[in-house]
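Read the structure below first, then the notes.
The values are calculated or read from the model by the stated rules, or taken from the named source; none is laboratory data. This one's a predicted model, so the numbers in the text were calculated from it and none came from an experiment. All Cβ positions, even for glycine, are placed from backbone atoms using ideal geometry, and neighbour counts span all protein chains on display. Just the protein is used for accessible areas: all its heavy atoms, side chains included, with ligands, DNA and RNA removed. Shrake-Rupley method; radii C 1.70, N 1.55, O 1.52, S 1.80 Å.
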Amino acid sequence: MQTRVFEIYDSANKDISAVCEILKNGGVVALPTETVYGLAANAQNKDAVQKIFAAKGRPADNPLIVHIANKEELAPLVKEIPQEAQRCIDAFWPGPFTVILPKTDAIPPITSGGLDTVAVRMPSNPVINAVISGCGFPLAAPSANISGKPSPTKASHVIEDMQGKIEGIVKSYDCTVGVESTVVSFINGEVRLLRPGGITLEMLQKEVPDIIVDDGVLHTVKKALSPGMKYKHYAPNCNVTLIQGSSSAFCDFADKSGLFAICLKEDEKHLKNNYISLGDNPETTLFSSLRKLDELGIKRAVCHAPDKSGTGLAVYNRMLRACGFNIVKLPFIIGVTGPSGSGKTSLGMAAKNLGITAIDCDKFAKDIVESLKTELCEAFGDDIYKNGKLDRALLADRAFSSAEDIEKLNKITLPRILSALKQKIKEIEKGFVILDGATLIESGGADMCNRLIAVLSKKEDRLSRFSKRDNLNIRSAQKRLTAAKDDSFYKAAATDVIENTATMEEFSKNCQELLQNIISFKER
Ligand code: TXA
Ligand code: MG
């Protein structure tokens with residue numbers, strides 16, 4: 001199809017009538033709005049609307065937003081306008097705000113995706129408003145991108161996605177808001193935010209204090225009230241991971257992983273990698289930055305999540321979908337476990353070489369246990385503390401005498417150890433941290449880990465290693481070996497297994513390589 005391109009920067013442009021002509025004839029034209037470019041057709045003509053779905057490759061159950069140019073044009077399209085809706089309309093129209101209300105027969109089912117409700121908004125962009133007025137009917141217009149891709153905020157984005165697929169494209173200024181409108185449902189006596197946008201939650205709360213934030217805003221939901229929120233969306237071809245954490249943690253993460261970064265303003269001065277900064281107003285630059293990743297041919301990138309207040313909520317919501325809900329909270333935790341003597345220390349050294357902080361969980365746990373005097377004395381007798389110091393041998397003797405006693409000890413110590421560990425990790429402003437612990441799996445510590453490496457080695461090698469290291473006699477060494485869990489136990493829980501069978505030198509090299517692959521997100 002031949003796509004006519006019009007350059008229209010104001011509402012007095014003479015080409016507006018040509019654009020209206022195409023729309024009156026049931027054609028599709030991409031038009032600028034203040035939020036993103038829209039793919040417009042007569043909302044009341046089902047054949048015209050069908051063309052929008054076809055051009056975008058959009059699922060038929062995902063309804064469109066209907067655009068009007070005057071507030072009075074709303075009444076014929078909806079069955080009622082509750083007070084709350086009217087208050088928001090008066091506060092936010094014209095502007096990036098969409099109401100969901102029960103629809104009348106003026107809207108065909110194809111436009112509303114088969115729902116008995118309709119989404120309506122009155123944009124503030126003078127060009128689209130002049131077109132709507134010139135047509136004399138409302139325009140259905142989803143964002144003018146191929147379904148699933150980042151929404152277009154520049155005419156060049158629309159040309160890239162829609163050239164040859166629709167009758168017309170209006171080239172105009174870049175969109176000033178940069179993310180799609182805020183969508184609020186006023187159905188069943190409830191006010192519910194379905195999609196955050198340029199009108200922020202804080203602004204809405206001033207008009208409708210009881211507004212509910214739908215679960216779909218920040219999470220994946222099976223049954224989305226706003227059908228558009230259930231799809232992977234706004235996504236470039238590049239595989240992007242959303243990273244949550246402070247600026248210094250993010251920069252450390254990007255630096256160590258070596259991945260290309262989409263960063264926030266505050267990160268710019270500390271980043272050593274290649275990056276695109278979202279700058280002062282991330283909502284205006286997010287979509288073009290996501291598109292830029294593909295233009296640059298980048299296959300994998302990380303994106304720093306902003307604070308969720310103000311327009312940050314909309315940015316975060318779009319980032320989540322662009323990343324396919326693939327999100328990492330920093331620090332990224334790499335657990336290292338395995339039976340005694342297997343060679344966990346070599347991994348610790350490899351981590352150190354890569355500049356990654358390691359926490360020795362066994363040592364950490366010892367200090368916590370020491371501080372639980374009251375609880376331990378109550379359970380195992382006052383004499384386990386001598387001169388204020390815990391007699392570990394005596395405690396071990398009593399606690400390991402029966403399964404119930406072990407359980408008792410674990411109940412006292414494990415929750416305290418885990419919560420202290422969580423707290424400690426929270427305070428580490430780093431991209432990565434290693435948790436080194438022989439009982440990470442048994443204690444539940446493994447649940448905190450993003451990856452879990454099991455270090456395994458042959459029984460006889462382990463025996464000789466820990467006998468020497470801990471100066472054990474043959475009997476105690478044998479006892480420890482018998483008590484150890486099987487390899488299969490570790491293999492079942494680990495994400496990565498490394499076997500310590502080669503020479504020391506080779507094993508160190510393998511450890512380094514495994515860690516390097518993990519931190520750079522190499523596909524396995
Ligand atoms: O800023 C915007 O709203 C842009 C510009 C072009 O106006 N349009 C836009 O449309 O973003 P679209 O189709 O990309 O997104 C419409 C969103 C989808 O998430 C859709 O599921 C939701 O609104 N929606 C539409 N009608 C609905 C309804 N009746 N009930 C619930 N959600 C609805
Ligand atoms: Mg869209």
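Tell me, what does the Kirkwood hydrodynamic radius of region 332-519 come to in angstroms if you use every pair of distinct C-alpha atoms?
17.7 Å
For the chain, take the longest principal axis of its alpha carbons; what is the angle in degrees between that and the long axis of helix 459-470, to the nearest 10 within 0 to 90?
So the helix axis and the longest Cα principal axis differ by about 70 degrees.
Considering region 101-226, what Rg and Dmax in Å follow from its alpha-carbon atoms?
When restricted to the Cα atoms of region 101-226, Rg and Dmax are 16.2, 46 Å.
So what is the relative contact order of the chain, in percent, for Cα pairs below 8 Å that sit 6 or more residues apart? Could the numbers behind the result be given before it?
On the way: 1024 pairs, mean separation 71.1, N = 524.
Once normalised by length, the contact order is 14 percent.
Per residue, what volume in Å³ does the convex hull of the Cα atoms of region 239-329 enclose?
On the way: hull volume 7.5 nm³, N = 91.
Per-residue hull volume (Cα only) is 83 Å³.
Taking Cα atoms, how many degrees apart are the long axis of helix 403-427 and the longest axis of the chain, rounded to 10 and kept between 0 and 90?
50 degrees
Treat the chain as a sphere of radius equal to its Kirkwood radius over Cα pairs and apply Stokes-Einstein at 4 °C in a medium of 1.567 mPa s; give the translational diffusion coefficient in µm²/s, rounded to a whole number. Let's see the in-between values first.
Working: Rh = 26.7 Å.
Here the translational diffusion coefficient equals 49 µm²/s.
Once the Cα atoms of helix 312-322 and of the chain are each reduced to a long axis, what angle between those two axes, in degrees from 0 to 90 to the nearest 10, is obtained?
80 degrees
Largest first, what is the accessible-area ranking of Arg398, Arg291 with a 1.4 Å probe?
Arg398, Arg291
Compare Met448, Met203, Met162 by solvent-accessible area with a 1.4 Å probe and give them largest first, with all protein chains kept in place.
Working: Met448 35, Met203 75, Met162 0 Å².
Correct descending sequence by accessible area is Met203, Met448, Met162.
Viscosity 1.306 mPa s, temperature 10 °C: what is the translational diffusion coefficient of region 362-471 from Stokes-Einstein with a Kirkwood Rh over Cα pairs, rounded to a whole number of µm²/s? Walk me through the numbers before you get to the answer.
Numbers: Rh = 16.1 Å.
The diffusion coefficient I find is 99 µm²/s.
Gain in length, Ile212 to Asp105, computed as 0.36 nm per residue apart minus the alpha-carbon separation, to one decimal in nm?
35.7 nm
Consider all pairwise Cα distances in region 238-396 and report the whole-number % of them above 18 Å.
Counting pairs separated by more than 18 Å, the tail of P(r) holds 68 percent.
How big is the charge dipole of region 332-519 about its Cα centre, in debye rounded to the nearest 20, if each Lys and Arg gets +1 on its Cβ and each Asp and Glu gets -1 on its Cβ?
Dipole of region 332-519, to the nearest 20 debye: 280 debye.
Once the cut-off is 25 Å, how many percent of the Cα-Cα pairs in region 4-217 end up in the long-distance tail?
31 percent
Using a 1.4 Å probe and ignoring any ligands, DNA or RNA, find the accessible area of Tyr173 and quote it in Å² to the nearest 10.
Ignoring ligands and nucleic acids, Tyr173 comes out at about 150 Å².
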